1. Give the long-range amide H neighbours of I206: residues separated by 5 or more places, or on another chain, with amide H under 5 Å away, using H modelled in the peptide plane at 1.01 Å from N.
2. So if we plug the beta-carbon distance of R84 and D12 into 1/(1 + (r/R0)^6) with R0 = 35 Å, what FRET efficiency do we get, rounded to 0.05?
3. May I ask for the angle, rounded to the nearest 10°, between helix 129-147 and the longest principal axis of the chain, with both axes built from Cα atoms and the value confined to 0 to 90°?
4. Set the Förster radius R0 to 22 Å, insert the Cβ-Cβ distance between V227 and D280 as r into 1/(1 + (r/R0)^6), and round the FRET efficiency to 0.05.
5. Could you list the residues of region 92-131 with an amide nitrogen less than 14 Å from a label point located 7 Å from the Cα of E305 in the Cα-to-C-beta direction?
6. Helix 164-173 versus the longest principal axis of the chain: what is the Cα-based angle in degrees, 0 to 90, to the nearest 10?
7. Starting from the 7 Å offset along Cα-to-Cβ, what nm value, one decimal, do you get for the label separation of E198 and R175?
8. For region 84-121 and region 197-246, write down the distance between their C-alpha centroids in whole Å.
Amino acid sequence: MNSFAFIIHPIDPKRDVQRRFPLLGRLLPEPAIHFFSAYFPPVYLSRVRGIRSRATGEEVEGWLVACPLTPQRMLSLPLERVYRKIIETGRLAERLGARILGLGAFTAVVGDAGITVAKHLRIPVTTGNSYTVAVALQALWEAAGRVGIPLAEATAAVVGAAGAIGRVAARLLAREVSRVILAGRRPERLESIRPLVEAEGAEADIAESLEALREADLILAVSSSPVAIIGPEHLKPGAVVCDVAQPRNVSPAVAAQREDVLVIDGGLVEVPGEADFGFDFGLPPRMAYACMAETIALAMEGRYEPYSLGRRLSIERVEEIARLAEKHGFRLAGFLSFGQPLTDEQIQRVRERVRGRSQWALA
């Protein structure tokens, strides 16, 4: 049987530790969880059953395994120590019988984005970032259509544009919109991306600060920041934000204070078959993150190869994995916002703000 494993790790320390160790999660304060996460061993979470390819009718089996490090610890520990912990988790996946390994959340972006980890394992590794790009943009296009934003006239922004996902996503955005704002911590990296974006057909500008987001109609948030960085003050009325980042880039204050913007959780897909993940990782039944779905789709296809590694993803691979995933029955999930289903009323409120703009009054 085709098989896979996928690594997750605690994003919200107390909440996520309680999912597997209820008593420990309740008793330990958050600073203690951060500290001790460096000393916990890799954790077996569950066996995944019931995922079945629409194309072949065959079921794949899989396992969820956990690297214990929190995002804060991944950023504060020496990189070699972080690599060692992720590799140890990958070796647990190998012992379980997985034939391909997917890296989730910060395990996919730390250091060289999977390259070093892959060199130390016997099975191929993927970050899942190619399919994450495809699904995030699909969600952004659909949301834009729902609220009435005409893509050809829109300004888009990418927060985290210098990262693996942001770099290729900005190029694909430039094929659909008139202007792309590139935001990130390192202006020199953004400058190197600007000509690539402009070559795809859109004007490209470098954001001096997140205040520049107030000019954007569409925002793709893919920064690897360990804390939320986009607040209510950064968004224009009628804007659509697709937040792909784990942890989230968009502050919960946006949901509380800005009914005139639409924030959607990006990178979520519905999995084919009667998926039973055997573990609650925070999503509704049969839903998975796109990075996980890429790993599963590759197993279904028998493509046991290091598909998405490093920080130079190709447009060709983004398009290919989107076709493979569709072939096997993966599809864009319904819209969630901060983990809750979006209502028609929420979408309509934002649509009314978009219609109120003079230049789009007839859209």
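1. Those lying under 5 Å, H to H, from I206 are L182.
2. Working: r = 24 Å, r/R0 = 0.69.
My answer for the efficiency is 0.90.
3. Between the helix axis and the principal axis of the chain, the angle is about 40 degrees.
4. 0.35
5. Label zone hits: 124-126.
6. 30 degrees
7. 2.1 nm
8. Answer, in whole Å: 30.
Just so you know, all these numbers are worked out from the coordinates, no wet-lab data involved. None of the values given here were measured: they were computed from a predicted structure. Backbone-built Cβ (ideal geometry, glycine too); neighbour counts: all protein chains shown.
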